[in-house]
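Novice: Pasting a structure here, questions to come.
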There are 2 protein chains.
Amino acid sequence: MSRSNPSESQGDLDILGSPRALPYSVENPCAACEIREMSICGVLDCEELDALIKILTRQTFETHDPIIDEGESADFVFNVTGGAVKLFKLLPDGRRQITGFLYEGDFLGMAMNDVYSYSAEAVGDVSLCRFNRRKLEGLLDTFPKLERRLLSMASNELAQAQDQMLLLGRKTAQEKLCSFLLSLSRRAESRGYDPSILHLPMSRNDIGDFLGLTTETVSRTFTNLKRDGVIRLLEGGRVQINDIDQLQDMAEGA
Amino acid sequence: MSRSNPSESQGDLDILGSPRALPYSVENPCAACEIREMSICGVLDCEELDALIKILTRQTFETHDPIIDEGESADFVFNVTGGAVKLFKLLPDGRRQITGFLYEGDFLGMAMNDVYSYSAEAVGDVSLCRFNRRKLEGLLDTFPKLERRLLSMASNELAQAQDQMLLLGRKTAQEKLCSFLLSLSRRAESRGYDPSILHLPMSRNDIGDFLGLTTETVSRTFTNLKRDGVIRLLEGGRVQINDIDQLQDMAEGA
DNA sequence: GCGACAGGTTGACCTAAATCAACGTGTGCA
DNA sequence: TGCACACGTTGATTTAGGTCAACCTGTCGC
């Protein structure tokens, strides 16, 4: 797929409803959306979803496709429905800081003014729901609980950002990598997956740019953790954690 | 003043109103509050402020007084009305990351769940308005514009946090310090002060813990900037910026 | 008036992580 | 079939910033 032309399909053309009489209108794919409960849409009920779907477009992206570019007019916000997305900021000479990875259910577009304050790119195959930002803001007046949900998401993101500052400013390479693996483990657990088997769709370079390290240091630190029996590298970019409590201690230098 | 007993005065006992017939109720000190416009209270009008003042307590603190402690039950949120506050997180071995400095007009308590996710301490003399969190949350239903304001503040804080991640993860000591001075300059300008004269109420050690550096490196970097004619150190912990454009370039490695 | 102490600066030296470099390995395309 | 390229690993060397130590200044309490 071309970088400049991700596939789009208008939500209201994308009729996937089953013939059974669902409690939702069959024209609304949101009703059947598997990740709805963990995303912003989770606070809305059936008829409210109809309002949401009118302002939504579905999109898909492949590895390295740009999703938004820092500095562009911030006309859209997104809901990740599948795959992983990286958010990053660049310095003029090309140094890059990844400020976060988003996975299914995550909302993209929280921290922004008129213009995107960071860029976003697909890590592997990604599917999104795209919303016109002005129209979504209009819905906030109609559905106060949507606003409440956004506020609580922003609050969580802020707490996460503070943890990341502690990591970037004060942790060693090993503590950084352990913290990263631990956060993936916690996320897996909260989504009902096995917390000891992690999927790492991103490259070593991406991990480095997230943790404030180089590719080489990330690779060496993985090797050390493997050697010390803390983790095992499985095929397919997966990692097995042998002792989560130990990892927790190592993440805090305890 | 004792660390454990900051002075308190109930807002509704603190009658400061002038005898003139103000458009506000004279019993409400918020009406005359100089920093109201830049804080959350700025969105409320006179009678709405009356609801706010019922749930507010004024407090003052001195240097090094703790204001909140990470892990404590998050029962209160605060509005800084004077002085500076530092927010920080600690690792078990004492390493510290300051995640932000708050000044007058700033809101303290955005990113939190049941429990404070960071600590806060006074930098110099501080005055605050303290709100019962549950009661303030109750007001959000009554005044939707208060909620909108909080969301936009959270959004700004998030953007700031992302800038700080770029700084901590990818900038050199000199770029870090220049970025810090530049952000103080921008804040001064936005508040109507001279952007080339900065007040630094915090210690070199605090600056180091904010920028992910040691005291010594901060001190040496100040010396270098002075030597290169970028800044001048004035008495009273103030700093004069000689060329803001140059500082801007140095902050981004351009 | 002075002794203790906190904060700041500077110097000498050290080290964690960066840089530079070589080399695998897998995958997709000619 | 093979070769170009992206990605990962490992080794040798460098370096930015940390650590350790000395010293200076101002100030606060006695």
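Taken together, the values in this text are just the output of simple stated rules run on the coordinates, not laboratory data. Remember, predicted model here, so these are calculated numbers, not experimental data. So basically every Cβ, Gly included, is an ideal-geometry build from the backbone, and we count neighbours across all protein chains shown.
Novice: Taking a point 7 Å out from Cα toward Cβ as the label site, list the nm distances between A:LEU90 and the same residue in every other copy, smallest first.
Specialist: Label-point separations across copies, in nm and ascending: 4.2.
Novice: Can you put B:VAL43, B:VAL77 in order, fewest other beta carbons within 10 Å first?
Specialist: Going from sparsest to densest Cβ surroundings: B:VAL43, B:VAL77.
Novice: While we're here: Considering the Cα trace of region A:171-251, what is its radius of gyration and what is Dmax, both in angstroms?
Specialist: For region A:171-251, the Cα radius of gyration and maximum Cα-Cα distance read 11.6, 33 Å.
Novice: Based on the Cα gyration tensor of region B:75-123, what are the three equivalent ellipsoid semi-axes, each the root of five times an eigenvalue, rounded to whole Å and given largest first?
Specialist: That gives 19, 14, 7 Å for the three semi-axes.
Novice: Under Stokes-Einstein, with the Kirkwood radius over Cα pairs standing in for Rh, what whole-number D in µm²/s applies to region B:154-207 at 37 °C and 0.692 mPa s?
Specialist: After rounding, the answer is 268 µm²/s.
Novice: Run the numbers on chain A and let me know its relative contact order in percent, using alpha-carbon pairs under 8 Å that are six or more apart.
Specialist: 16
Novice: Please work out the ratio of the alpha-carbon Rg of chain A to 2.2 N^0.38 Å and round it to two decimals.
Specialist: 1.08
Novice: A further question on this structure: Which value in deg cm²/dmol, rounded to the nearest 500, describes the helix-derived mean residue ellipticity at 222 nm for chain A, given -39,500 (n - 2.57) per DSSP H run of n ≥ 4 and division by the residue count?
Specialist: Roughly -11500 deg cm²/dmol at 222 nm, from the helical runs in chain A.
Novice: Then there's this: Taking a label point 7 Å out from Cα toward Cβ, give me the nm distances from B:ARG232 to the same spot in the other copies, shortest first, one decimal.
Specialist: 6.7
Novice: Order these by the 10 Å Cβ neighbour count, fewest first: A:THR60, A:THR215.
Specialist: Going from sparsest to densest Cβ surroundings: A:THR215, A:THR60.
Novice: Another question, if that's okay. Just to confirm the numbers: B:ARG220, label point 7 angstrom along the Cα-Cβ line, distances to the other copies in nm, shortest first?
Specialist: 2.1
Novice: For the protein assembly as shown, what ratio Rg/Rh do Cα atoms give with a Kirkwood hydrodynamic radius?
Specialist: Rg divided by Rh gives 0.98.
Novice: Further question: How many angstrom lie between the Cα centre of region B:163-198 and the Cα centre of region A:177-214?
Specialist: 31
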